[in-house]
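Here the structure comes first, spelled out in C-alpha cells, and everything after it is commentary.
The values are calculated or read from the model by the stated rules, or taken from the named source; none is laboratory data. It should be emphasised that the depicted structure is a prediction, and the values quoted were computed from it without experimental measurement. So basically every Cβ, Gly included, is an ideal-geometry build from the backbone, and we count neighbours across all protein chains shown.
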Amino acid sequence: MKRYLFLFSLLLFSTATTAQVDTAQHVIPNRRNSPEQQQKPYVIMISADGFRYDYADKYNAVNLQALRAQGVQAESMIPSFPSKTFPNHYTLVTGMYPATHGLINNYFYDPQRKEAYSMRDRNKVEDGTWYGGVPLWVLAEQQQMLTASYYWVGSEAPIKGVLPTYYYQYNEDVPFEERVKTVRQWLQLPDDQRPHLITFYLPEVDHAGHSFGPDAPETKAAVEELDAHIRLLTDAVATTGLPVNYIFVSDHGMTLLDVDNTLPLPAAVDTAKFLVSGGGMVVELHAKDRSAIRSTYRKLKREAKGYKVYRKQNMPKHLHYGAKEDVYHRIGDILLLTEAPKVFNFSARKPSPGAHGYDPEAVKDMHATFYAWGPAFRKGIKVPAFRNIQVYPLVAELLGLPYTHKIDGTKALVKVVLL
C-alpha cells in the first residue's frame, strides 16, 4: 500500500496535458509605446539553458568570446537554489529567490491549493495565479513600453493580468532561422509598435548536457551550434541599425551524476503521513499528519547517507529556501538534499548522466553564465561572480523602468557594468 500511495504522489507531478501546441505568434492588440518609451534603449535578453559558466572557454565558443570581450563578462553567475530551469528563469526576470516568487521547482506541490504545478502541464504553465513578483515584461508593459518573448518561463501566463505584447507558446520545432527572422521583424516595426525588451530562450545545450554529460562530444557540438546561432542573431539584428544591448545568461550549469548508485526513498518516510514531492536533488515531504514531522525528521537524520535532512525552519540561510522566505507556503515540512554526485531516483530507469539542482555554493558546476555587450555597457571588463537576483535591477535600470515593489536583488551590479 505504501508503494502505491507513493507512486500516486509521483503521478501528480508528471501528469501533463496533451493540448496541441500553437506555433503562431500571439499579439495583444491596441498597445503602443508611449512617446517617452520610444526614446529608450533596446535589450535582447538571451538564455542558453544549461550553459555552464565555463562552456564558452571549454568548447572555444569563438563568437561569444568575441562578443563578451566587447562588453562585460562575469567570472560566473550564481543560480538560486534549487538550480533548476523554471525557478531560475523566473528569478532572472523578477529579481526574487524562488521561495519568494513562488516557482520553487520545475514540479512541486502547493498544500494551500491542494494541487501540483508541472512545467509540462500547459494549463498550469499558462495560469498566472501560480506566479508571484512582477516580471520584466509586466513592469515594462505597465509603463507603456512594448515587449516580446520568444519563449521564457512565465511569458505565456497573464501575470497580474499582463502578457508580453508579442509572444509564442513554447515549441522546440520552430527552426532557429525562423526565430531570428521574427526578432528582426519586431525590430523593424514602427517606433510605436517596436518592442524594447525581447526575451529569447534556447534549450539545446541543456538537452545535450542531460543526455550525454557536460564533457561529452555531443555537448561540445551543442555549444558550437549555439555559438553559431548567436552570430546569426547578432548579424541579423545589426541590419536594423538599432542600438541594441545584449544580455546573455544561463539558468544553471551541469555536472555528472553517480547513475549507478542512486538513492531510494528512505525507509523512514511513511507515505500515509507525508506527500512526497520532487526527486533528484531535492525531495520535499509535506505532512498529512503534522504530529509525524518531528519523529520522522529524527529517523531521517539518523539514517541519512548521501543526503542531508532539514526542517523548513532550519534550512541553511544561504539557500534562501526556508520558512522565512516561503511566501506561498509551498516548501515541504522536511527536505532531503542530496550531496553531489548522488541523486534520488524513484523509478526503475537509470537517470540521465548529466544533471543540475544542487546547492551552487557547494557545487561550482552549477554556476551559470553572464555576458553583456552593447552601447550601454562598459567595455572589456570582467566582474566577480554574483547572484542571478541582480539581473532584474540591471535590466530595469537599462530600460529606465522604475519599480517600487520589493525584490531580493540590488543595484550593486548596475554601478559596475553600465556606462
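Below is a table of values for the structure above.
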quantity	calculated
Residues (in contact with a Leu (Cβ under 6 Å, 6 or more places away or on another chain) and either outside the structural domain of Val283 (by TED's automatic domain parsing) or under 21 Å from Val259 (Cβ atoms) (or both)) located in the range 304-341	Gly306, Tyr307, Lys308, Pro341
Condition broken by Arg349, with the remaining ones in (1) modelled with pLDDT of 95 or more; (2) within 17 Å of Pro264 (Cα to Cα); (3) surrounded by fewer than 18 Cβ atoms within 10 Å (Cβ to Cβ) satisfied	(1)
Members of the range 352-363 that are more than 20 Å from Phe212 (Cβ to Cβ) and surrounded by fewer than 20 Cβ atoms within 10 Å (Cβ to Cβ)	Glu361, Ala362
Residue match in the range 256-274 (condition: under 28 Å from Glu75 (Cβ atoms) and touching a strand residue (DSSP E or B) at 6+ places or on another chain (Cβ under 8 Å))	yes
Flag for Ala340 being without any contact (Cβ under 8 Å) to a residue 24 or more places away in the chain and not in a helix (DSSP H, G or I)	no
Exclusive hit being part of a helix (DSSP H, G or I), of a type outside the set (Val, Ile, Thr) and over 28 Å from Tyr371 (Cα atoms), set Ser291, Ser277, Ser211	Ser291
Qualifying position, being within 22 Å of Leu336 (Cα to Cα) and out of contact with any helix residue (DSSP H, G or I) (no Cβ under 7 Å at 6 or more places or on another chain), among Leu257, Leu275	Leu257
Any pair with Cβ under 7 angstrom, 6 or more apart, that starts in the range 91-113 at a residue that is over 18 Å from Ala396 (Cα atoms) and ends at one that is aliphatic (A, V, I, L, M) and part of a loop (DSSP other than H, G, I, E, B)	Pro98/Ile104; Ala99/Val327; Ala99/Ile331; Thr100/Val327; Gly102/Val327; Ile104/Ile331; Asn106/Met119; Tyr107/Met119
So Phe86, is it within 22 Å of Phe377 (Cβ to Cβ), aromatic (Phe, Trp, Tyr) and either modelled with pLDDT of 95 or more or in a loop (DSSP other than H, G, I, E, B) (or both)	no
Single match in Leu226, Leu233, Leu256, Leu300 (criterion: touching a residue at least 12 places away in the same chain (Cβ under 8 Å), farther than 30 Å from Leu189 by Cβ and surrounded by 18 or more Cβ atoms within 10 Å (Cβ to Cβ))	Leu300
Any hit, the range 392-405, residues being of a type in the set (D, E, K, R), within 23 Å of Ala61 (Cβ to Cβ) and in contact with a helix residue (DSSP H, G or I) (Cβ under 7 Å, 6 or more places away or on another chain)	no
Cβ-Cβ under 6 Å pairs, at least 6 apart or on other chains, the range 63-86 side under 30 Å from Lys312 (Cβ atoms), far side in a strand (DSSP E or B) and among the small types (Gly, Ala, Ser)	Met77/Ala368; Pro79/Ala368
Qualifying residues in the range 384-409 (those that are of a type in the set (D, E, K, R) and surrounded by 15 or more Cβ atoms within 10 Å (Cβ to Cβ)) - the one nearest to Lys364 (Cα to Cα)	Arg387
Within the range 95-181, helices (runs of 4 or more DSSP H) holding 1 or more residues that are surrounded by fewer than 19 Cβ atoms within 10 Å (Cβ to Cβ)	122-125, 136-142
Selection status of Ala412, of a type in the set (Gly, Ala, Ser), in contact with an Asp or Glu (Cβ under 6 Å, 6 or more places away or on another chain) and surrounded by fewer than 18 Cβ atoms within 10 Å (Cβ to Cβ)	no
